[in-house]
Amino acid sequence: MSVRLNILMSDDLKEALDRVTEEADQSASETLRKALCLYIAARETTKGGRRKLGFFDAQTGQLDGEVIGL
């Protein structure tokens, strides 16, 4: 079953969504579905006091960035 949602977002966020959607050559709906899946995975991973999500370079293993406070 599918559910249709209406969302309200700022102009800046809509511009970012449009940019990412175009770069990925996919629909805005697909971009938002993937973003929500990543957010849910991040929340599940950071349960239990671990509150950072890191991004690592696959070749070097170096930390490229992190999200704190999910």
Exercise. Name the residues in segment 13-26 that are open to solvent by less than 60 Å² (accessible area, probe 1.4 Å) and not in a helix (DSSP H, G or I), would you?
Worked result: Q26
For this session: Could you please tell me which pairs satisfy a Cβ distance under 6 Å, a separation of 6+ or placement on different chains, a first residue in segment 41-70 that is open to solvent by 90 Å² or more (accessible area, probe 1.4 Å) and modelled with pLDDT under 80, and a second residue that is hydrophobic (A, V, I, L, M, F, W, C) and part of a strand (DSSP E or B)?
Result: K52/I68
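Out of all the residues in segment 32-51, is one or more assigned to a loop (DSSP other than H, G, I, E, B) and either small (G, A, S) or over 22 Å from I68 (Cβ atoms) (or both)? Give the derivation first.
Filtering segment 32-51 for residues assigned to a loop (DSSP other than H, G, I, E, B) gives 46-51.
Narrowing the set further to residues that are either small (G, A, S) or over 22 Å from I68 (Cβ atoms) (or both) leaves 48-49.
Scanning segment 32-51 turns up at least one residue that is assigned to a loop (DSSP other than H, G, I, E, B) and either small (G, A, S) or over 22 Å from I68 (Cβ atoms) (or both).
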For this session: Would you check which residues across segment 27-37 are out of contact with any Leu (no Cβ under 7 Å at 6 or more places or on another chain) and either surrounded by 11 or more Cβ atoms within 10 Å (Cβ to Cβ) or at positive phi (or both) and list them?
Result: S29, E30, L32, R33, K34, A35
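Sort through L38, L32 and tell me the only one that's at pLDDT 95 or above and not small (G, A, S). Before the answer, list the steps.
Working: L38 fails: at pLDDT 95 or above.
Answer to the selection: L32.
The values are calculated or read from the model by the stated rules, or taken from the named source; none is laboratory data. Note that the structure is predicted; figures quoted are calculated from it, not measured. Note that each Cβ is placed from the backbone with ideal geometry, even for glycine, and that neighbours are counted across all protein chains shown. The protein model used for the area step is the full one, side chains on, heavy atoms only, and it has no ligands, DNA or RNA in it. Shrake-Rupley method; radii C 1.70, N 1.55, O 1.52, S 1.80 Å.
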